[in-house]
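Where a number appears in this text, it was derived from the coordinates with a stated rule and is not lab data. As the structure is a computational prediction, the values presented were derived from the model and not from experiment. Heads up, the Cβs are rebuilt from the backbone with ideal geometry, glycines too, and the neighbour counts pull from every protein chain shown.
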Amino acid sequence: MPIRPEPPESEAELWSRARALAGLSLAQLAKDDDSNVPEKLLHAKGWVGQLLERRLGASAGSKDEPDFQLLGIELKTLPVDRVGRPCESTFVCTIPLLDVAVTEWSQSRVWRKLGRVLWIIVEGSRDIPVAERRIGEPLLWSPDADETALLKGDWDELTGIIGRGDVESITGHLGQAMQVRPKARDSHARRRGLDEDGVLVERLPRGFYLRASFTGRILERAFVLPRAR
Amino acid sequence: MGRIEVLPSALASQIAAGEVVERPASAAKELIENAMDAGAQRCDIICDGGGVTRLSVTDDGEGMSEEDARLSLERHATSKLRSIDDLSHLTSYGFRGEALPSIASVCRLSLRTRRRESEIGVTLETAGGTQLKVTPAGLPVGTTIEVRDLFYNVPARRKFLRSTGTESSHVTNTVEGAALTRPGITFTLTRDERLVRELLRANTRAERVEQLFEQANLVAIVGERGPLKLEAYLTRPERARPGASGLWLIVNERVVRDRMLATTIAQSFGSVLGAGHYPRGVVYIDLPSELVDVNVHPQKTEVRFVDPRATADAVYSIASRELGSALSLPPSPRNRFGVRNGNQPRTPGISMWGKRKPDDEPTPDAALRQPNPADEQVVEAATVTSSSLPASSIADSAALIATPSAQSTGLVRDISEASTHSTLLIRENTAQTTSGDVRWSSLRFIAQLRQTFLLCEGPVGIYVLDQHAAAERVAYQRLLDQYRSRTMAAQTLLFPVSVELSPEQVELVEQRSEEIAAVGLDVRVRGRQQVTVHAIPRLLQRASPERLLCDLVGEMARSGGRGFSAALEHALSLMACHGSLRAGDTISQTEAQALLGALDTVDFAGHCAHGRPVVAVMSYNELERKVGRR
């Protein structure tokens with residue numbers, strides 16, 4: 001029988017569940033979940049996150065809400081290399097190109113998602129077989145004042161550009177903590193947005209991502225990283 | 001089973017000899033003590049073939065009449081004891097009357113003696129305690145006892161003897177011990193026809209210590225508490241050795257082996273001595289004879305204190321204070337060996353004798369907590385009266401040992417003050433290694449040398465710091481402070497580290513989980529032989545979690561169920577060592593300056609937790625002399 005607990009009723013319960021996973025391998029988790037471990041994650045993006053969502057009792061599914069709705073906590077898996085550096089940027093949410101420019105920061109999806117995050121660290125080095133990769137220690141995180149200011153600054157800058165209809169000029173270089181990148185199955189996917197003249201046009205969907213340097217600093221503050229030893 | 005029969009006296013003596021005469025050195029000890037009891041001013045010892053072939057002790061004491069000489073070879077014949085009450089006031093080394101007959105029973109012995117008032121002396125010869133041959137002889141005043149062919153009739157015992165060199169060394173050690181106990185006697189030791197020790201009569205203990213510890217750079221401390229007097233000459237922390245073999249303990253002029261006292265002396269150095277390290281030197285403890293029982297073992301190298309705890313407490317109190325001021329040692333806030341600090345209350349109503357006192361009767365601990373200005377007079381009175389018959393007041397005398405140290409006349413002095421006419425080599429050598437009053441943060445970091453040393457410029461000279469020792473000292477002190485204030489900060493590991501342990505160690509981890517958590521380690525048991533480490537002390541992020549856990553578990557296992565605090569401090573010291581900046585690590589200017597600043601916050605007396613000096617200083621004057629500018 002797969003282990004599929006009910007959604008946690010408190011932050012403490014979620015924390016306790018997450019801590020119990022520290023040190024387990026993905027193979028052990030998959031066995032408890034009655035699922036198979038993919039050989040490679042290239043074509044199974046999101047498998048680790050879904051596995052952890054089921055194991056921890058996340059309830060939102062694909063809804064545009066924090067994974068643990070009752071608690072307002074978002075679950076984020078963060079693959080790291082052998083010295084504890086994040087292997088990749090972290091997806092936050094897709095961007096509603098039409099109305100993002102008129103949304104306040106405090107009402108934004110980004111803030112709703114990042115207000116309270118349960119980070120689950122996972123070994124992500126490609127030389128470690130997927131089944132053998134281990135789950136690390138969890139971290140319940142909320143951005144502090146400096147981080148919030150940084151995120152809000154990026155939000156303001158990036159949504160301003162989108163609001164001007166100049167989304168095509170946004171590259172991955174913009175934003176100190178957060179960047180905008182295409183978020184689509186392939187380059188043919190389209191969402192409706194505005195051009196520079198305010199005319200509705202079809203655009204490549206985009207999403208907000210946290211830079212690896214930003215999440216790396218979070219880890220450095222919270223953990224003893226392997227490279228420090 | 002055969003019939004029970006009384007053993008022949010010769011056989012009984014041989015069996016008894018097994019307890020008294022273990023090796024040539026123990027025979028030498030008994031013979032030298034007899035000489036000292038006889039009031040000798042000079043004692044000449046000859047040792048050939050490790051003391052097995054020949055061991056001779058000649059003294060110029062009062063000698064014996066023929067009748068006494070004959071009796072001295074009889075078991076339990078002694079001039080030093082008449083009744084059981086005398087046992088509590090013994091001032092002589094021997095008293096059991098069994099050493100000489102025991103020695104005689106296992107060798108060929110000759111005894112030559114003459115009393116001053118006799119015109120002629122007597123020679124007694126015996127082999128294996130039998131075949132006594134007595135002949136008159138013209139002899140100098142005093143006694144010579146010569147032991148030949150030791151254990152010739154007990155081959156089993158002879159097999160256990162070590163090499164000639166080893167046995168000779170034990171005899172030498174015995175002679176040195178005797179010389180330390182009685183500075184007023186001249187001792188010579190001739191080994192295989194070579195004079196190897198000539199210790200001329202000294203006026204003070206300090207002089208005698210100097211004769212034996214040339215160039216040892218000893219620190220002298222003197223103090224007293226109640227009837228206990230302490231006089232010690234000890235090496236500086238950097239000269240400490242593993243094991244207590246270089247530390248002489250002399251209680252009431254008797255060399256003793258006492259682990260508790262040795263440990264207490266080591267503990268009085270605070271945290272600058274490594275685990276299991278002891279200073280070299282000599283510790284004299286004098287206290288009324290009724291407070292010490294020397295009749296514990298035939299060899300009399302063990303003593304039993306009436307109140308061992310109070311004795312250790314007093315020794316610790318004097319030694320730690322005087323050493324602290326002499327060497328600028330950091331205060332030892334909590335002792336590792338159960339010696340109570342003055343501000344730690346005893347259990348109310350329980351006297352140090354384990355008897356419950358009436359509630360209205362003042363207890364020693366009350367005196368400890370409330371220093372009494374009149375204590376000085378009380379102590380003086382006690383010191384005087386303790387020599388009168390105090391059988392009923394032994395407890396009172398001993399209790400005074402535990403009185404506050406306010407009245408103790410402890411003083412630290414250069415040993416040259418202790419003996420005014422001597423030109424001693426034992427002195428403080430502060431220029432080389434200690435920090436003086438320098439503010440570390442005021443030093444200017446110049447460069448890192450060989451990725452091991454930090455070269456700094458200061459107001460009076462150049463300072464070379466051992467980067468590992470300095471970082472370790474800072475880490476250790478901070479760990480200790482955090483542990484004591486229950487504020488040990490832990491840092492989670494990104495991934496838990498799995499550690500294999502023995503089942504016993506895993507059980508220990510389970511039993512001691514709270515204490516382990518208190519030192520900042522988050523350890524969870526995963527199986528019969530597996531645990532995972534999830535967090536380590538924040539101060540030790542460089543350390544390997546496996547090693548930290550093994551350090552802790554290792555110390556805990558060694559300490560057993562008791563002495564966990566001591567084990568913990570040892571473990572913290574090891575952990576600080578393994579988790580700090582090491583030789584070979586590169587350090588930036590900012591980090592170096594931060595380390596110097598951190599040293600200001602640590603009272604470390606220039607030594608790391610293992611007793612090694614952290615810094616070497618060369619003054620500009622010295623530098624100028626070296627390059628010929630002066």
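In units of the compact-protein estimate 2.2 N^0.38 Å, segment B:228-272 shows a Cα radius of gyration of 1.15. Distances between every pair of Cα atoms in segment B:172-275, grouped in 10 Å steps from 0 to the bin holding the largest one, split as 13, 43, 34, 9, 1 percent.
For peptide A:214-225, the mean count of partner chain Cβ atoms within 10 Å of a residue's Cβ comes to 3.
Using the reciprocal of the averaged 1/r over all distinct C-alpha pairs, how large is the Kirkwood radius of segment B:480-630 in Å?
Details: mean 1/r = 0.0570 Å⁻¹.
By the Kirkwood definition, the hydrodynamic radius is 17.5 Å.
Could you tell me whether segment A:11-222 comes out rounded, prolate or oblate from its Cα gyration tensor? Rule is a ≥ b ≥ c as square roots of the eigenvalues, rounded for a/c under 1.5, then prolate if a/b exceeds b/c, otherwise oblate. The shape class here is prolate.
Relative contact order for chain A: 22 percent, from Cα pairs under 8 Å spaced at least 6 residues apart, divided by residue count. Among beta bridges from DSSP that stay inside segment A:11-222, the antiparallel ones total about 75%. Counting beta carbons within 10 Å around each of B:GLU176, B:GLU238 and listing the fewest first gives the order B:GLU238, B:GLU176. As a proxy for reagent exposure, ranking B:MET260, B:MET488 by other Cβ atoms within 10 Å from fewest up yields B:MET260, B:MET488.
Where the alpha-carbon atoms of segment A:88-154 are placed on the principal axes, they occupy 46, 27, 16 Å, in descending order. Overall, the anisotropy analysis places segment A:28-94 in the oblate class: the square-rooted eigenvalues a ≥ b ≥ c of its C-alpha gyration tensor yield a/c not less than 1.5, with a/b not exceeding b/c. Sum up the lysine pairs in chain A that clear both bars: alpha-carbon distance under 27 Å and a spacing of 8 or more or different chains. Here the count comes out as 21.
Among B:ASP258, A:ASP67, which comes first, then next, by fewest other beta-carbon atoms within 10 Å?
Working: B:ASP258 21, A:ASP67 25.
Ranking B:ASP258, A:ASP67 by Cβ neighbours within 10 Å, fewest first, gives B:ASP258, A:ASP67.
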